[in-house]
Amino acid sequence: MSTDFRSLIAAKRDGHRHSREELEQIAEAAARHSVPSYQLSAWLMAAFLHPLDLDETTWLTQAMAGSGARLDLSGLPKPWIDKHSTGGIGDKTSIVLLPLLAACGATVVKMSGPGLGITGGTVDKLKSIPGFRMELSPEELLEQAKRIGVAITGQTPDLAPADKALYDLRNATATTQSVPLIVSSILSKKIAGGAETIVLDVKCGSGGFMTTLPEAEELAAWLLRVGRNCGLNIRTTITDMNQPLGSAVGNALEVREAIDVLTKEPEQLPGPTRRFRRLCIYFAGEALAAAGLAKNEKEGQEAAQRCLSLGKAAQKAAHWIAAQGGPENLELASQQLPKSRIQLVVSARQTGFIERIDAASVGEIVIELGGGRKRKGAAIDYSVGVVLAGAVGDAVVEGKPLCTVHAAGETQAQTAAAHLSDTFKITNRPVEPADPVLKALP
Ligand code: URA
C-alpha cells in the first residue's frame, strides 16, 4: 500500500532515510503526475537539505529509469557505448566521438538534451546541419544503429518521465545543485536509453556545471559509485572548462570544427582545435578499453588515432549524417552550414601570452549573439558565435587576431567584440598550456 505523500515529505524533512519502496513511490508520483507539484517540490527541498545517501540515490535512479519505457538494444551488435558530458562551452565532443567509436567497432546509441544554461546542447549543434533530424522514433533509432553503428535522438518523453517532471520542478525551486539529485537525473536517462558502457565527462571550471575541482570530484565519484551500483560499466573523467573547448563556440561553427577534426590531419588544425582533438582521442581510448575493444586506454587511443588518420571515422560520420537526413558527404555538410552575415576580427591589445579566456563569459556572449537560449523553447541563430585564434598558453601579438565574432548584424558584432576583449587576460610571462584532462577517476 502506498504511503500518504505527506509522510514521505515529513520523513525527509526530519532527516530520515527512505526505503527503496518509498523512492519508487516518489518516482512513480512524479512520472504519473499523481501528486500535486507543491508536494513534489516540498519533497525536493527536503531532499536538497538532507541529501540522499548512496543507497537511496541508487534506488531513486533505478526507480526513475523504470518510470517509463526503456530502449531495448538487445538486437544490436555489442559492445554498446554511450557518452555523456555535464556540458561546457564549445563542447562538440560527441560529434567526433560517436562516429569514431562506431568506426572502431562499437554500437553507439545516444539520447541528447538541448543546451542547459550557458552551455550549448548537441541537439542544437547537429540541427544546424541542413536536413538533420533529431526526432527519431525508437524503431528508427534502433534500425539505424543496427545498419551503421551510430544513431542519436533528442530526448523522448517516454523514457524516464520521472526525471522530466522532477527536473522541471528542480529548476523552478532552486533545488538543482544537489549531487544525489543530479546523479539520479543523469544516470536514470542513460539506463532508460539502454546504456551498458558509458564514458562520462564531468566538466570543471567557469563554463561548466561544477566550477571547482572539489565539487567536480564529488559529482564524478558519486556518478561512478551509483552507476556501478546500477550495473553500468562506467568511466568518469574530470575535464577543464575554464577556457572554451576547441576554437569554435556556436552551433554551426562547432559542427564545422568537428568535421575538420574528422577530415584533417592534426598539423592542418589550429592549436585550440588540436587540444579538442586530443580530448576526443582520450575519451575514445577510455571507451574502447572499458568496452573491451582495446586492451588498455593507450591501445584504445592508438586505434582511435588510426581510425581518424585512415578516414574511417570521417566515412562513418558521413553515413551517420546522411542517414539522419543531412547532406550526403562531409564536404557538402560543411559547405551547407549556415554562415553569419558579419565576421569581425578582434585584435590583441598587447603582445604576450594568453593566461585566461573566461569560458562562462564566452558562453554568455554567444547567447547574446543569438546562438543560445535565454528562455526555454526560444529560437536560436545557428550561424553565430565566436572562433578563437588561440588557447591558454599561446603567444599573441598586438594588433594580430585574438578571435573572430560571427554575428547577424554590425551592432551585435561590435558589442560582442568589446566584451570579448575583456574575457582574454594577456600576460608578459610565458604560460603553461592547460591540459584538457584534469583527472580520471579510478
Ligand atoms: N544534467 C541532467 O541531466 N540532470 C541534472 O540534474 C543536471 C545535469
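If you take the beta carbon distance between Ser347 and Thr211 as r and set R0 to 30 Å, what does 1/(1 + (r/R0)^6) give as a FRET efficiency, to the nearest 0.05?
After rounding, the FRET efficiency stands at 0.50.
At R0 = 35 Å, how high is the FRET efficiency between Asp422 and Lys264 if r is their beta carbon distance? Nearest 0.05 is fine.
Using R0 = 35 Å, I get an efficiency of 0.65.
Rounded to a whole number of µm²/s, how large is the Stokes-Einstein D of region 101-181 at 4 °C and 1.567 mPa s, given Rh as the Kirkwood radius over C-alpha pairs?
It diffuses with D of about 89 µm²/s by this estimate.
Angle, helix 410-423 long axis vs. longest principal axis of the chain, Cα atoms, 0 to 90°, nearest 10?
Approximately 80 degrees, to the nearest 10.
What percentages make up the Cα-Cα pair-distance distribution of region 243-332 when the bins are 10 Å wide from 0?
That works out to 17, 43, 34, 5, in percent per bin.
Dipole magnitude of region 164-301 about its Cα centre, charges +1 at Lys/Arg Cβ and -1 at Asp/Glu Cβ only, in debye to the nearest 20?
That gives region 164-301 a dipole magnitude of about 220 debye.
Rank these for me by crowding, Asp435, Asp394, Asp163, Asp260, going from fewest to most other beta carbons within 10 Å. Don't skip to the end; give the middle numbers.
Values: Asp435 12, Asp394 17, Asp163 27, Asp260 21.
Least to most surrounded, the residues fall as Asp435, Asp394, Asp260, Asp163.
Given the options Val179, Ala418, Thr58, identify the residue whose Cα lies farthest towards the positive end of the charge dipole of the chain (+1 on Cβ of Lys, Arg; -1 on Cβ of Asp, Glu).
Sorting the options by dipole projection puts first Ala418.
Stretched out fully, how many nm does the piece from Arg13 to Val437 gain, at 0.36 nm a residue minus the Cα gap? Walk me through the intermediate numbers first.
Values: separation 424, 0.36 × 424 = 152.64 nm, distance 3.91 nm.
Stretched fully, the Arg13-Val437 segment lengthens by 148.7 nm.
What do the square roots of 5 times the Cα gyration tensor eigenvalues come to for region 40-85, in whole Å, largest first, as semi-axes of the equivalent ellipsoid?
Here the semi-axes work out to 31, 13, 10 Å.
Rounded to the nearest 20 Debye, what is the dipole magnitude of region 108-206 about its Cα centre when Lys and Arg each give +1 and Asp and Glu each give -1 at the C-beta?
220 debye
What distance in nm separates the two pseudo spin-label positions at Glu299 and Ala378, each 7 Å out from Cα along the beta-carbon direction?
Rounded to a tenth, the inter-label distance reads 5.0 nm.
Which length gain, in nm to one decimal place, applies between Glu331 and Glu398 when the Cα-Cα distance is subtracted from 0.36 nm times their residue separation?
20.6 nm
Taking a quarter of the surface of the convex hull around the Cα atoms of region 65-108, what do you get in nm²?
4.2 nm²
Please report the spacing between the Cα centers of region 321-360 and region 206-263 in Å, no decimals.
The two parts, judged by their Cα centres, are 20 Å apart.
If you take the Cα Rg of region 1-116 and divide it by 2.2 N^0.38 Å, with N the number of residues, what do you get?
On the way: Rg = 18.5 Å, N = 116, 2.2 N^0.38 = 13.4 Å.
This ratio for region 1-116 stands at 1.38.
Residue by residue, what Karplus-based ³J(HN,Hα) values in Hz, rounded to whole numbers, does region 200-217 have, using 6.51, -1.76 and 1.60 with θ = phi - 60° and x for Gly and Pro?
Once rounded to whole Hz, the list reads 10, 10, 9, 7, 9, x, 4, x, x, 5, 10, 9, 10, 4, x, 5, 5, 5.
Taking every Cα atom in the chain, find the radius of gyration and the maximum pairwise distance Dmax, and write them in Å.
For the chain, the Cα radius of gyration and maximum Cα-Cα distance read 21.8, 73 Å.
Sort all Cα-Cα distances of region 288-442 into consecutive 5 angstrom bins from zero, then give the percent of pairs in each bin up to the one containing the longest distance.
2, 8, 12, 13, 13, 14, 16, 14, 7, 2, 0
To the nearest 20 debye, what charge dipole does region 170-227 have about its Cα centre, counting +1 at the Cβ of each Lys and Arg and -1 at the Cβ of each Asp and Glu?
The calculation lands at about 200 debye.
For Glu410 and Lys146, what does the FRET efficiency come to when R0 = 41 Å and r is the distance between their Cβ atoms, rounded to the nearest 0.05?
E(calc), rounded to 0.05, equals 0.25.
Roughly what would the spin-label model give for Leu310 and Gln39, points 7 Å off Cα along C-beta, in nm?
With each label placed 7 Å out from Cα toward Cβ, I get 5.9 nm.
Based on the Kirkwood radius over alpha-carbon pairs, what is the Stokes-Einstein translational diffusion coefficient of region 274-377 at 20 °C with 1.002 mPa s viscosity, in µm²/s? Mind dumping the intermediate values first?
On the way: Rh = 17.7 Å.
Here the translational diffusion coefficient equals 121 µm²/s.
Pairs of alpha-carbon atoms within less than 8 angstrom and 6+ residues apart define the contacts here; what relative contact order does the chain have, in percent?
After rounding, I find 19 percent.
Please rank Tyr38, Tyr382, fewest neighbouring Cβ atoms within 10 Å first, as an exposure proxy.
On the way: Tyr38 10, Tyr382 24.
Ordered from fewest to most neighbouring Cβ atoms within 10 Å, Tyr38, Tyr382 come out as Tyr38, Tyr382.
Using the 10 angstrom Cβ neighbour count as an exposure proxy, how do Met241, Met210, Met111, Met134 rank, fewest first?
With the sparsest Cβ surroundings first, the list reads Met134, Met210, Met111, Met241.
Taking H placed 1.01 Å from N in the peptide plane, check which residues at least 5 places from Ile198 or on another chain put their amide H under 5 Å from its amide H.
Amide H to amide H, under 5 Å and 5 or more residues apart or across chains, Ile198 pairs with Asp82, Asn233, Ile234, Arg235.
Among 97-109, 403-415, 262-274, how do they line up by average Cβ neighbours within 10 Å per residue, starting with the highest?
Working: 97-109: 26.2, 403-415: 19.5, 262-274: 16.3.
Packing proxy ranking, top to bottom: 97-109, 403-415, 262-274.
³J(HN,Hα) across region 79-85 via Karplus (A = 6.51, B = -1.76, C = 1.60, θ = phi - 60°), whole Hz, x for Gly/Pro?
x, 9, 10, 10, 9, 9, 10
Taking amide hydrogens as modeled 1.01 Å from N in the peptide plane, which residues meet the under 5 Å criterion relative to Lys78, leaving out close sequence neighbours?
Distant-sequence amide H within range of Lys78: zero hits.
Multiply the residue gap between Arg429 and Leu54 by 0.36 nm, knock off their C-alpha separation, and tell me the result in nm, one decimal place.
Numbers: separation 375, 0.36 × 375 = 135.00 nm, distance 4.61 nm.
Between Arg429 and Leu54, full extension yields an extra 130.4 nm.
For a label point 7 angstrom out from the Cα of Arg133 toward its Cβ, which stretches of region 319-354 have the backbone nitrogen within less than 11 Å?
Once the point is set 7 Å along Cα→Cβ of Arg133, 323-326 turn out to lie under 11 Å by backbone N, inside region 319-354.
Just so you know, all these numbers are worked out from the coordinates, no wet-lab data involved. Here the structure is a predicted model, which is why all the values come from computation and not from measurement. Quick reminder, even Gly has a Cβ in these numbers, built from the backbone with ideal geometry, and neighbours come from all protein chains shown.
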